[in-house]
Structure formats: C-alpha cells, structure tokens
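Below is one structure; the comments refer to it alone.
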Amino acid sequence: MGTFQAKLVTIITEALLEQELTQRLVELGATGYTVSDARGKGHRGVRDAGWEHGANIRVEVLCDEETANHIAAFVVENYYRDYAMVVFIDTVEVLRENRF
Amino acid sequence: MGTFQAKLVTIITEALLEQELTQRLVELGATGYTVSDARGKGHRGVRDAGWEHGANIRVEVLCDEETANHIAAFVVENYYRDYAMVVFIDTVEVLRENRF
Amino acid sequence: MGTFQAKLVTIITEALLEQELTQRLVELGATGYTVSDARGKGHRGVRDAGWEHGANIRVEVLCDEETANHIAAFVVENYYRDYAMVVFIDTVEVLRENRF
C-alpha cells in the first residue's frame, strides 16, 4: 500500500461563496474538492468585527504544496478581507498516487 | 502569505449537546466554531457500553494551545462520562493572524 | 488530561457505498466511525477519468495504526479502482484512552 504526502487545505466560509470559490479552486490547480454544509460562529472579516452565526461551507482540497500556496495566496487576496473565512492547512498521507 | 500554528480541536458527539456545548466553548475562550451534522456508530460512554447509531455533530474549534487544553479538560470532566463523545486535537497552519 | 496518538482515516467517496463500507470498517476492526454528507468534484476511478460532481460521503475512523493499515489495504483493493474515492490518513491526539 503506497501513500504520499499532500496538503489538505480546509476553507470554512460563507455558503454563498460556494460556486465562485470552487470554480476558482479548479482554475488554481485543484483536481478535486469536497464541500460540506456547516454552521458556526466567528468574526466576519472587517465588514463586521462582531459575531455572526450563519450558513457556512467547509471546503477541502487535497493538493501538492505549490497548489496549496496558490490557493492560500488567492483566497487571502480576494476573500479574507470581505468574507467570514478561515483557512487552515495540514499535511496528510494520501493512499496511492495519481488519483486526485 | 503568513501562517501561524494553531490547534484544531474536533469534538464528535450527540446532536442534542450542540447548543450547550457551543455556548461553553465560547465561555472557554473559543473565538469561533464550526458545526456540521454527522451520523455514526461508537461507544456511548459508561451509560451504555454497546453500539449506538445516532444523530451526531462534528464541532471544530481553531484556537491556541492553552484554549485547546481548557476545552479538553472541560469536556472530559463534564461530558466524556455520560455522552457519546470523542475529542481529538491536531496541529494545523492557519492563514493570517487575528482572524479567529 | 491524558491524550494518546491515533490515526484518523478519512475516506471521501460515493454516497451509495455508505452501508457496505461502514459494515466493512467494523469488520476490519474500527470501533466507531463518523459519516457526513458532502458534495464534490474529482476523478472517478478508471471507469471514468473525467470530472464527476455528485453525492459524496466523508467517513472518518479513529483507530490504531494497524487497523488504519488494514482499512487502507482493503479499500485500495476493493474500491479504489471502481469508485470515486480518496483516502487520507493523519495522526492526531485523542483525549483519554479506552473510549473508541
């Protein structure tokens, strides 16, 4: 059983961004993504420093480090200021190559 | 693009605990949390050592190590004995400071 | 507060596999699992090398390394070829022993 290291990029953000964000992820090199519905509370960018409780999505992308960096730079530049969004990156072992 | 290390605390437990638990998380220092619905099977505390298949939630909190330890100590003390609950902690890289 | 290291095996696959897959996970030694609904895009095995957007599930199993390896070997052997599936493994700290 072979595994290889990859980056797991998790983006938690507002549900309204799903279509636009996932399209951008593919353009940035993601060969796949997973979206699940979530709800939560957190700071909502600079538009509103207070608490917000709303419909969120949790988007996960498995990719190489370079793509992870592209995605990170893109979302910080384009969304982090104006949307409720938090992005975190972990390193995981993925089963078998050439499948994502 | 700056990142900083944080703890990702994941709590998988019974859905009925959502409101109480998330309120406690905020009181314990969490500046945000994400909840998603789940289902599953597992041991149900000491009330019932057998299998239980029911409505679960998956609660995630990104926080510093001290807050993670407070949360961990609290849930073990208050819920671990009586509810189906498993808590695990991972270290992740979070994009940009002062956003959660 | 005690923790111990465990493997978190995450399987993202087609929703139609839920019942069969979770039954196999238990047979392979998992003492619990968590399933949540998801949607996504990715390669769909060798049946179809193109993009597929459909109903997915995200299955998580916390287990020891040996069980993780059994699960990994089993799913690669039985599902990886014919189903949209990606499996990744992470190491996490779990609160308290003898609870999963």
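Checking each residue in the stretch A:60-80 for being assigned to a strand (DSSP E or B) and either under 9 Å from the mean Cα position of the chain (by Cα) or modelled with pLDDT under 95 (or both) picks out A:Glu60, A:Val61. Regarding the stretch B:45-59, can at least one residue be identified that is more than 7 Å from every other protein chain (Cβ to nearest Cβ), in a strand (DSSP E or B), at pLDDT 95 or above and surrounded by fewer than 19 Cβ atoms within 10 Å (Cβ to Cβ)? The answer is no; no qualifying residue exists. Restricting the stretch A:16-31 to residues that are within 12 Å of chain C (Cβ to nearest Cβ) and in contact with a helix residue (DSSP H, G or I) (Cβ under 9 Å, 6 or more places away or on another chain) leaves a set whose member that is modelled with the lowest pLDDT is A:Thr31.
Restricting the stretch A:65-91 to residues that are closer than 26 Å to A:Gly2 by Cα and more than 10 Å from chain B (Cβ to nearest Cβ) leaves a set whose member that is surrounded by the most Cβ atoms within 10 Å (Cβ to Cβ) is A:Thr67. Under the condition of being closer than 22 Å to A:Thr91 by Cα and either within 13 Å of chain A (Cβ to nearest Cβ) or modelled with pLDDT of 95 or more (or both), the residues counted in the stretch C:1-15 number 9.
The values are calculated or read from the model by the stated rules, or taken from the named source; none is laboratory data. Remember, predicted model here, so these are calculated numbers, not experimental data. Quick reminder, even Gly has a Cβ in these numbers, built from the backbone with ideal geometry, and neighbours come from all protein chains shown.
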